[in-house]
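A.B. asks: Supplied in structure tokens, the structure appears directly below.
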Amino acid sequence: MTYRIQRADTPVAVLPLDEACFPSDHRPALENSIWWVVWRGKEPVAYAGLRLCQYHENKGLGFLSRAGVIAKHRGRGLQKRLIRAREAGARALGLTDLVTYVAHWNSASINSLVACGYRFYRPADRWAGSSSVYLRKRL
């Protein structure tokens with residue numbers, strides 16, 4: 001059976017996936033974001049979001065927000081597929097750059113982003129805290 005990616009009908013559709021991927025973590029802000037879900041048949045197995053940075057001086061900036069893959073589906077390239085889907089969505093919206101941050105210990109996510117062309121950078125304000133690394137890509 002193959003995987004397919006589609007935009008979430010409503011942001012609330014990602015909450016069960018978020019709870020399954022990050023059971024003890026805080027829930028993401030759903031508003032002002034576009035969400036994608038990966039399906040295997042009728043089962044949702046992964047998700048990811050794209051937030052528009054509306055108040056940034058660069059109106060073409062987007063933020064790759066929360067992403068998660070159910071444990072038994074990891075290692076199959078789904079995160080990279082979700083990165084590419086969000087990049088396509090960002091381009092369709094006229095965005096020119098994407099940024100994100102990742103916990104320094106999350107090497108799988110960092111490696112996926114680097115493999116998709118993201119590069120490390122240091123923002124003027126480290127909004128995610130000292131244990132995160134920041135990545136950016138010009139589209």
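A.B. asks: Within the stretch 50-107, which residues are under 13 Å from the mean Cα position of the chain (by Cα), basic (Lys, Arg) and open to solvent by 50 Å² or more (accessible area, probe 1.4 Å)?
C.D. replies: ARG51, LYS80, ARG81, ARG84
A.B. asks: From (1) under 27 Å from THR10 (Cβ atoms); (2) more than 14 Å from the chain's Cα centre (by Cα); (3) open to solvent by 70 Å² or more (accessible area, probe 1.4 Å); (4) in contact (Cβ under 8 Å) with a residue 24 or more places away in the chain, pick out the condition that doesn't hold for ALA128.
C.D. replies: All conditions are met except number (3).
A.B. asks: Right, next: Is it the case that ALA90 is in contact with a strand residue (DSSP E or B) (Cβ under 8 Å, 6 or more places away or on another chain) and under 21 Å from SER107 (Cβ atoms)?
C.D. replies: So ALA90 fails the test.
A.B. asks: Turning to a different aspect of this structure: Is at least one residue of the stretch 25-46 touching a Gly at 6+ places or on another chain (Cβ under 9 Å) and open to solvent by 70 Å² or more (accessible area, probe 1.4 Å)?
C.D. replies: No; the residues of the stretch 25-46 include none that is touching a Gly at 6+ places or on another chain (Cβ under 9 Å) and open to solvent by 70 Å² or more (accessible area, probe 1.4 Å).
A.B. asks: When you look at GLY49, is it free of Cβ contacts under 8 Å to residues at least 60 places away in the same chain, small (Gly, Ala, Ser) and over 22 Å from PRO11 (Cα atoms), yes or no?
C.D. replies: no
A.B. asks: Scan the stretch 1-24 residue by residue and report those that are open to solvent by 80 Å² or more (accessible area, probe 1.4 Å), of a type in the set (A, V, I, L, M) and in contact (Cβ under 8 Å) with a residue 24 or more places away in the chain.
C.D. replies: MET1
A.B. asks: Look through ALA115, ALA67 and report the one residue that is touching a helix residue (DSSP H, G or I) at 6+ places or on another chain (Cβ under 7 Å) and either at pLDDT 95 or above or among the charged types (D, E, K, R) (or both).
C.D. replies: Of ALA115, ALA67, the one residue that is touching a helix residue (DSSP H, G or I) at 6+ places or on another chain (Cβ under 7 Å) and either at pLDDT 95 or above or among the charged types (D, E, K, R) (or both) is ALA115.
A.B. asks: Note down all Cβ pairs under 7 Å where the first residue falls in the stretch 80-95 and is modelled with pLDDT under 95, the second is surrounded by fewer than 19 Cβ atoms within 10 Å (Cβ to Cβ) and small (Gly, Ala, Ser), and they're at least six residues apart or on different chains.
C.D. replies: The qualifying pairs are GLY94/GLY60; LEU95/GLY60.
The values are calculated or read from the model by the stated rules, or taken from the named source; none is laboratory data. Treat the numbers as computed from the prediction; the structure is a model and nothing was measured. Positions of Cβ are backbone-derived with ideal geometry, glycine not excepted, and every protein chain shown enters the neighbour counts. Surface areas here come from the heavy atoms of the whole protein model, side chains and all, with no ligands, DNA or RNA. Shrake-Rupley method; radii C 1.70, N 1.55, O 1.52, S 1.80 Å.
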